[in-house]
1. Taking all pairs of different Cα atoms in region B:150-293, averaging 1/r and flipping that mean, what Kirkwood radius in angstroms comes out?
2. Would you list the P(r) distribution for region C:228-279, with all Cα-Cα distances sorted into 10 Å bins from 0 and each bin expressed as a whole %?
3. Take the Cα atoms of chain A, build their convex hull, and give its volume per residue in Å³.
4. Could you size up the charge dipole of region C:149-293 around its Cα centre, putting +1 on the beta carbon of Lys and Arg and -1 on that of Asp and Glu, and report it in debye to the nearest 20?
5. Assuming a ≥ b ≥ c are the square roots of the Cα gyration tensor eigenvalues, decide whether region B:82-138 counts as rounded (a/c under 1.5), prolate (otherwise, with a/b larger than b/c) or oblate.
6. Would you mind checking the radius of gyration and Dmax of region A:1-156 based on alpha-carbon positions, in Å?
7. Ordered by residue, what ³J(HN,Hα) values in Hz, to whole numbers, does region B:235-250 give under the Karplus form 6.51 cos²θ - 1.76 cosθ + 1.60, where θ = phi - 60° and Gly and Pro are x?
8. Would you calculate the separation in nanometres between label points at B:Ile247 and B:Ala15, each defined as 7 Å from the Cα along the Cα-to-beta-carbon direction?
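None of the figures in this text is laboratory data; all of them are computed from the coordinates on show. Note that this is a predicted model, so its numbers are computed, not measured. Cβ coordinates were reconstructed from backbone atoms using ideal geometry, including for glycine residues, and neighbour counts include every protein chain displayed.
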Amino acid sequence: MNHYNHTDDIPDLPAWLERGRQLAANPRLLQDLGRGKTLCLLFFNSSLRTRLSTQKAAMLLGLEVMVMNFGSEGWNLEFADGTRMDGGTAEHIKEAAAVVGQYADLVGIRAFAGLKDREADYAEQVLNGFVRYAGVPILNMESATGHPLQALADALTIDTYRRTARPKVVLSWAPHPRALPQAVANSFVQMMRRMDVDFTVTHPPGYDLAPGVMGGLQPVYDQKEALQGADFVYVKNWSSYTDYGTILNQDPAWMMTADKLGDAYFMHCLPVRRNVVVADAVLDGPRSLVIPLAANRTVSAQLALAHLLETNS
Amino acid sequence: MNHYNHTDDIPDLPAWLERGRQLAANPRLLQDLGRGKTLCLLFFNSSLRTRLSTQKAAMLLGLEVMVMNFGSEGWNLEFADGTRMDGGTAEHIKEAAAVVGQYADLVGIRAFAGLKDREADYAEQVLNGFVRYAGVPILNMESATGHPLQALADALTIDTYRRTARPKVVLSWAPHPRALPQAVANSFVQMMRRMDVDFTVTHPPGYDLAPGVMGGLQPVYDQKEALQGADFVYVKNWSSYTDYGTILNQDPAWMMTADKLGDAYFMHCLPVRRNVVVADAVLDGPRSLVIPLAANRTVSAQLALAHLLETNS
Amino acid sequence: MNHYNHTDDIPDLPAWLERGRQLAANPRLLQDLGRGKTLCLLFFNSSLRTRLSTQKAAMLLGLEVMVMNFGSEGWNLEFADGTRMDGGTAEHIKEAAAVVGQYADLVGIRAFAGLKDREADYAEQVLNGFVRYAGVPILNMESATGHPLQALADALTIDTYRRTARPKVVLSWAPHPRALPQAVANSFVQMMRRMDVDFTVTHPPGYDLAPGVMGGLQPVYDQKEALQGADFVYVKNWSSYTDYGTILNQDPAWMMTADKLGDAYFMHCLPVRRNVVVADAVLDGPRSLVIPLAANRTVSAQLALAHLLETNS
């Protein structure tokens, strides 16, 4: 069974990018693909863009959609095997996932990292629990360690705005008042490694991503050096992987400014904290792609859902 | 771009009332008007009537609907310009509104007055933020200072039940244990000033509505005098505008009773506190229009959405 | 007006079971029955299976669905007559129900027992409030004292898996860390009394169900004796009816195990606490029907909704 849980779940990236261009031009191109099928979106965490863009994509494909906020509308799930469930968890993932799979042809899951237990987060217990037990294709709407729908929208946007055959793309860490997961950064790196781009990652010491994510890529600790000649600058905060889930650095010098950006395009997955992560002048300036990037979330969700519908039937 | 944010956004009220009669008789009259378009309803506050009637109206127009509770399912928005967002707000209205506008053809907003900062409430920062930044037509589902969907249902109901060419309509303030916004009263007054009715407003001293709302109209502080000869009595609590957001009066003598009502029709937007705002005998009696008025909320939402669809295409 | 609020609302059970088999084989058999009609689902309590299966059933019948969480998205309702509503309740059931009935052709209600006031719970104030005041057919999605959609799915499942003309069915109480309502047990007993089965109920002393539920049936206090020769074992916790809403017994000896089950089928409505209510070996073993039973919730909701659509038009 094919899922869309990782950027590696895209078999042929150039073909997806081409189809994405067609869908951007004609959003109802595949409007009958999902007819008679139901997509259930389960949110364990808050969502704006993912919630709305995935629903919109599903509607454009003719799917029926059911949305559920698992925390407030359901109850706490148990993930461990063999537990005597006499505490705060009311249902095991084995039953919950299998049951949801009875009512939906496709299931989308949003479940963030807890940032307390690295092994648990990187084991992706919620997402993988649904993969193991739901019996239907799963769509990752941002899991503990990855956000492949965002990364696909990132790729579509870079593909659309590239001005050279092999643009320079820089992922630049930024400060943030709260500890955030590594999910967006992980998937962005994994996606860029598959694109025909000159890719650089810059962050302060202590913010190295998980082993395997970077492949052979070495981060550059000097932001100024990393940004030289950039065509696209993708800014994102994440908390430390090494010193797991902690904030090691809040140096405002890492904030993206118009000076640093130069004539590169600015990208961020949103939501973004103005004048902490990035200066107003960048977001409100002519090089910001944040809104077209958000718009591409509908296209990326259509691509992923179409893939699940076409390859699992 | 045309929005439906104020009773003034109705260009030709008699034509709307006539179309409302047609829609009441034939709810699926415009069932293809919204085909292929999406309405996103964003709730910053609780809702029963508005939530369900607007969804129902959208379905009757063939629109696809996405509903989101911004508070519990999203995060806190920032409205100020130039802020360093290192506190409790996670996204600026500039981004949030622009993003929502990428996924929906129409956006409905419900965002009540905070009743702490009069300038902020009357600046309508949430509603106007979406107007400025969403890039799509906005539907006011009750904002800080107005509730034009309610006022349109009020007008439709008075139009249907009027027994004379120019009926006497009285807006009568009522006590309430909690401080409530002026939104419903404001829009009702603004709507009645456009109707061919003999209109009177009665409330205790200190409850004068915002400058401009009343036009040249003078309130009557003596409820008994105001109610004489009334054909329609619209009862509603609001907190003080002058002494902003406070409760100045809880005198039960202002409660509406069957004696005071006489043979006038009783109206209230609901929810209503029985035996505080209005006596059981009125609500359960033959002159109460609260349920037909609630039913007209579907018609008023259809009229407003149809207007947005027809004049913005 | 016909509602589906009790197992007694099924006029002809064998005919429903036969139609259920047809719907299980062909879920879109009645796909045009609900066209142009709207179902509103109101949740006063959390839900997973009921939420999703009822939505799915509605979609399969061509109904439009509106879902609302009454607690978090609305406000507290008043049920008493004549109350002066100056406290925590903002709207009376009379208005709330009548208003919802203006926007929907069918209304589903989920409202659990509070387990504090037995008279109030067994008076079914929420469910019956909607029956009295909504003016449209009501679907019970688990009320204070009954869960007839679950019981119908139970009947469908027993009907499908029965290996003898008159199988032995045992309802076996199980321990649980929290006090749970009697709703599922009540409806299961009422349903089994209408089925052609050899039915036994076993529970510890003090857990007798409400008068009338059991008819002439006598409970067996010895679980081992009750389970002898069982074809189906339905396991469920409930709190005491006599000593209302309390936990009298948490003896782990009442947990269902593979040894006790033998070659009988295991049933539970879910969610279930593993190794408290039932051992892992049972749930993960070949005799567990919990997932097919959950799947039958879609069929049972289709049957009930189809009945409401067909007999109320």
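1. Hydrodynamic radius (Kirkwood, Cα only) of region B:150-293 equals 15.0 Å.
2. With 10 Å bins starting at 0, P(r) equals 22, 49, 26, 3.
3. Working: hull volume 40.8 nm³, N = 313.
Enclosed volume per residue, from the Cα hull, is 130 Å³.
4. 240 debye
5. In terms of gyration-tensor shape, oblate.
6. According to the Cα coordinates of region A:1-156, Rg and Dmax are 16.2, 54 Å.
7. Per residue, the Karplus-derived 3J(HN,Hα) values read 9, 6, 8, 8, 8, 5, 7, 5, 9, 4, x, 9, 9, 9, 8, 10 Hz.
8. 4.5 nm
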